[in-house]
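The values are calculated or read from the model by the stated rules, or taken from the named source; none is laboratory data. Remember, it's a predicted structure, so these values are computed and weren't measured experimentally. A quick note on method: Cβ atoms are made from the backbone with ideal geometry, for glycine too, and the neighbour counts reach across all protein chains shown. Heavy atoms of the whole protein, side chains included, go into the accessibility calculation; ligands, DNA and RNA do not. Shrake-Rupley method; radii C 1.70, N 1.55, O 1.52, S 1.80 Å.
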Amino acid sequence: MSEQGGSPDEAGTHEFERVSTSTVYSGAILALRLDQVVMPGGHVAQREVVEKYGAVAVVAVDDDGDLVLIDQYRHPIGRRLLELPAGLLDEPGESPLAAAQRELAEETGLAAERWSVLVEMALSPGFTDEALRIYLATGLSETHRPPPEMEEADLRVLRLPVDEAVRAALSGEIENATAVAGVLALAAVRDRGIRPRPAETPWPGMPTDFLERKSAGNGKG
């Protein structure tokens with residue numbers, strides 16, 4: 001095999017073995033590690049990897065066909081964004097579905113009778129294992145909402161017709177990546193008659209490294 005990765009027939013067969021790793025930083029919601037990885041041809045290259053919790057989001061549609069959105073401040077970009085109700089898989093042993101149900105209640109005061117898997121995303125696989133599952137929730141009803149804290153104390157809940165949400169996503173009014181994906185996936189399901197997957201469908205791509213790190217109490221290494 002040459003340094004360029006060998007013949008075309010061999011492409012897609014290399015095992016990218018991690019020969020060593022070190023942790024540069026481990027914080028509240030992410031860790032940064034440096035991996036040494038064997039490339040095609042035998043060269044060992046360094047790759048920076050940001051570990052993060054997995055996440056869930058909810059496309060909640062009411063009986064009138066309106067989509068439930070939240071307007072929330074995001075400090076890294078210094079402004080509010082229209083988003084889907086969403087949150088982290090940061091509770092050991094909690095299923096993604098249970099986390100989605102919890103987040104919907106905490107952020108909107110709503111529960112849903114019917115749940116299904118709408119779409120999954122590897123959010124930025126060039127440098128992070130962060131991944132997201134978006135659920136579709138219908139049959140909405142009011143439920144207990146715990147007192148909001150931090151940024152969520154300023155969170156605003158609103159509803160948009162699906163077609164208006166699609167327009168907002170395509171015009172740049174909705175720019176949160178999760179919300180854009182969820183809105184367009186919802187429109188595709190609705191318009192093409194696609195049946196979403198069952199809510200308990202396994203999720204092989206769910207990240208677990210950071211949750212395991214936090215559960216084990218590991219710090220900077």
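Under a Cβ-Cβ cut-off of 11 Å, what is the net charge of the residues other than residue 201 that fall near it, where Lys and Arg count +1 and Asp and Glu count -1? List each step's numbers first, then the result.
Details: positive: 133, 197; negative: 120, 200.
With Lys, Arg at +1 and Asp, Glu at -1, the neighbours total 0.
5 Å is the cut-off here: which amide hydrogens, built 1.01 Å from N in the peptide plane, fall below it relative to residue 117, excluding neighbours closer than 5 in sequence?
Close amide H contacts, sequence-distant or interchain: 136, 197, 199.
Would you rank 210, 16 by solvent-accessible area, highest first, keeping every protein chain in place and using a 1.4 Å probe? Intermediate values should be presented prior to the final figure.
Values: 210 0, 16 120 Å².
Accessible-area ranking of 210, 16, largest first: 16, 210.
Can you show me the helix-derived [θ] at 222 nm for the chain, built from DSSP H runs with n ≥ 4 at -39,500 (n - 2.57) apiece and divided by the number of residues, rounded to the nearest 500. Please list the in-between numbers first.
Working: 4 runs with 47 residues, N = 221.
Calculated from helices alone, the mean residue ellipticity at 222 nm is -6500 deg cm²/dmol.
State in Å² the accessible area per residue of the chain; use a 1.4 Å probe, count heavy atoms of protein chains only, and round to the nearest integer.
Numbers: 12220 Å² over 221 residues.
The answer is 55 Å² per residue.
If DNA, RNA and ligands are ignored and the probe is 1.4 Å, what is the ranking of 53, 73, 25 by accessible area, most exposed first?
Numbers: 53 20, 73 75, 25 120 Å².
My answer, sorted largest first, is 25, 73, 53.
On the accessible surface of the range 120-221, probed at 1.4 Å, how many percent belong to carbon and sulfur atoms? Walk me through the numbers before you get to the answer.
On the way: 3270 of 6190 Å².
Percent of accessible area from carbon and sulfur atoms in the range 120-221: 53.
Suppose a student asked you for the relative contact order of the chain, using Cα pairs under 8 Å spaced at least 6 residues apart; what percent would you report?
Working: 436 pairs, mean separation 51.0, N = 221.
After rounding, I find 23 percent.
Evaluate the charge dipole of the range 1-144 about its Cα centre and quote only its size in Debye, nearest 20, assuming +1 on the Cβ of each Lys and Arg and -1 on the Cβ of each Asp and Glu.
Working: 10 positive and 25 negative charges, 95 e Å.
It works out to roughly 460 debye.
Kindly work out what percent of the DSSP beta bridges joining two residues of the chain are antiparallel, to the nearest 5.
Once the DSSP bridges in the chain are tallied, antiparallel ones form about 85 percent.
For the range 108-182, which chymotrypsin sites (Phe, Trp or Tyr not before Pro) are in a loop by DSSP, counting at most 13 other Cβ atoms within 10 Å? All intermediate terms of the calculation are to be shown ahead of the outcome.
Details: sites: 115, 127, 135; in loops: 127.
Listed in order of number, the matching sites are 127.
In Å³ and rounded to a whole number, note down the convex hull volume per residue for the Cα atoms of the range 1-155. Intermediate results must be reported in sequence, preceding the final value.
Numbers: hull volume 26.2 nm³, N = 155.
Cα-based convex hull of the range 1-155, divided per residue, equals 169 Å³.
Please compute one quarter of the surface area of the Cα convex hull for the range 63-221 and express it in square nanometres. Mind dumping the intermediate values first?
Numbers: hull surface 43.4 nm².
Mean projected area of the Cα convex hull: 10.9 nm².
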